[in-house]
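One structure below.
The values are calculated or read from the model by the stated rules, or taken from the named source; none is laboratory data. Note that the structure is a prediction, hence the values are computed from the model and not measured. Cβ placement follows ideal geometry from the backbone for every residue including glycine, while neighbour counts extend to all protein chains displayed.
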Amino acid sequence: MPDCVMTQNKRIFIIGAGRFGTHLAKRLAAFDTEVIVADMDPERVQALAESGLESVELNAEDPEALKEAGVQEADTVVVGIGENMQGSILATLNLKELEIPYIVTRALDERHAKVLEKLGANSVVLPARDMAHRLAETLRSHFLNDRIPIVGEYQVASVVLGGKLSGISIEDAKLPDHYHVNILLLVRESPDGDEETPHTFKEPLPPMVMMEGDTLFVSGTREHINAFESACGEFCNIHAPLHSRHGESQAAKSIQRRHAPSRTNTLCLKNQSPNCTPTGQ
């Protein structure tokens, strides 16, 4: 639950009955907070009503519908709309024009968050980012002892990447297939050298390209994490191939092409000629 949502003697109106909105509503209701949840989907509204939560069917893009639902009586309105960025923006704009005292909005990404802030949202929540920050805080005390046991042989470990995976997307690297480890969080040094926020915490989305020096928090068995760290950590041999049960991957071929010596360099090494200048120097 966002820290900014006050619960004592408050009436909270939640727009969007997806997983985020529903979980938030149930958590607030457990604190004896007066909660109303609104959604366009009649089945979701019915399911909420059957669970004991007050719910209403409406389109939050319509300011008149919001008025009729009594949104102006709320102390706080949470816009928890999921993938509909336009709906989220229009709902926030309507709430601002209705002079809602406190507006909390859920954003899909940083760009969406900036738009919502400019519209006047009092607080913007990025669930993936905020969850990553909480995980980072939990794990920060374990940086020196970078193995955290979970269950049995399964662990969470931080691995600093060497050059082997640099320039390869998470999707193309296929780490669960090759090394049987899963990425939970990617930590990267801030490019501007900001002393207050020296690191950025990133959700490991499939298109994200990894860089040398990134710290990956991965989960897996001790054996698999050790194998991954040996092959791809900062002290790994970058020429070691990536293999899987199904043979060499495209990521492996790309890595090998990037690090393979050029024909000119090979000839220079063989001839040892003082006038021979290797390519790339």
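One residue is enough: does segment 4-14 have a residue meeting the conditions more than 19 Å from THR105 (Cα to Cα) and basic (Lys, Arg)?
no
List pairs: first residue in segment 208-228 and more than 10 Å from TYR179 (Cβ to Cβ) and in contact (Cβ under 8 Å) with a residue 12 or more places away in the chain, second residue surrounded by 21 or more Cβ atoms within 10 Å (Cβ to Cβ) and basic (Lys, Arg) anywhere in the structure, Cβ distance under 7 angstrom, at least six positions apart or on different chains.
Once the first residue is more than 10 Å from TYR179 (Cβ to Cβ) and in contact (Cβ under 8 Å) with a residue 12 or more places away in the chain and sits in segment 208-228, no partner that is surrounded by 21 or more Cβ atoms within 10 Å (Cβ to Cβ) and basic (Lys, Arg) comes close enough.
What do you reckon, is VAL181 modelled with pLDDT of 90 or more and under 17 Å from the mean Cα position of the chain (by Cα)?
For VAL181, the condition - modelled with pLDDT of 90 or more and under 17 Å from the mean Cα position of the chain (by Cα) - is not met.
Specify which of the listed residues (ILE100, ILE15) is in contact with a helix residue (DSSP H, G or I) (Cβ under 6 Å, 6 or more places away or on another chain) and closer than 19 Å to SER123 by Cα.
Unique residue meeting the criteria: ILE15.
Please give the number of the condition ILE238 fails out of (1) at pLDDT 50 or above; (2) in contact with a His (Cβ under 6 Å, 6 or more places away or on another chain).
Here ILE238 meets the rest and fails (1).
Could you grab me the full set of residues in segment 202-221 that are more than 12 Å from VAL159 (Cβ to Cβ), in contact with a Ser or Thr (Cβ under 8 Å, 6 or more places away or on another chain) and assigned to a loop (DSSP other than H, G, I, E, B)?
If the condition is that a residue be more than 12 Å from VAL159 (Cβ to Cβ), in contact with a Ser or Thr (Cβ under 8 Å, 6 or more places away or on another chain) and assigned to a loop (DSSP other than H, G, I, E, B), then PRO206, PRO207, MET208, MET211, GLU212 are the ones that fit.
Among ALA47, ALA60, ALA74, ALA25, which is the only one that is more than 26 Å from GLU117 (Cβ to Cβ) and in the same structural domain as LEU119 (by TED's automatic domain parsing)?
ALA47
Does segment 80-101 contain any residue that is over 27 Å from LYS114 (Cβ atoms) and either in contact with a Ser or Thr (Cβ under 7 Å, 6 or more places away or on another chain) or among the acidic types (Asp, Glu) (or both)?
No.
Select from segment 44-72 the residues that are touching a helix residue (DSSP H, G or I) at 6+ places or on another chain (Cβ under 6 Å) and farther than 20 Å from THR22 by Cβ and list them in ascending order.
Once the filter is applied, which keeps residues that are touching a helix residue (DSSP H, G or I) at 6+ places or on another chain (Cβ under 6 Å) and farther than 20 Å from THR22 by Cβ, segment 44-72 yields GLU61, PRO63.
Looking only at segment 53-77, count every residue that is in contact with a Leu (Cβ under 8 Å, 6 or more places away or on another chain) and part of a helix (DSSP H, G or I) and tell me the total.
Residues flagged as in contact with a Leu (Cβ under 8 Å, 6 or more places away or on another chain) and part of a helix (DSSP H, G or I) within segment 53-77 amount to 7.
I want to confirm something. Restricting to segment 7-26 and keeping residues that are in a loop (DSSP other than H, G, I, E, B) and surrounded by 13 or more Cβ atoms within 10 Å (Cβ to Cβ), which single residue is modelled with the lowest pLDDT?
Per the criteria, the residue is THR7.
Residue check, ILE89 against (1) under 19 Å from VAL35 (Cα atoms); (2) surrounded by fewer than 22 Cβ atoms within 10 Å (Cβ to Cβ); (3) β-branched (Val, Ile, Thr), all met but one. Which one?
(1)
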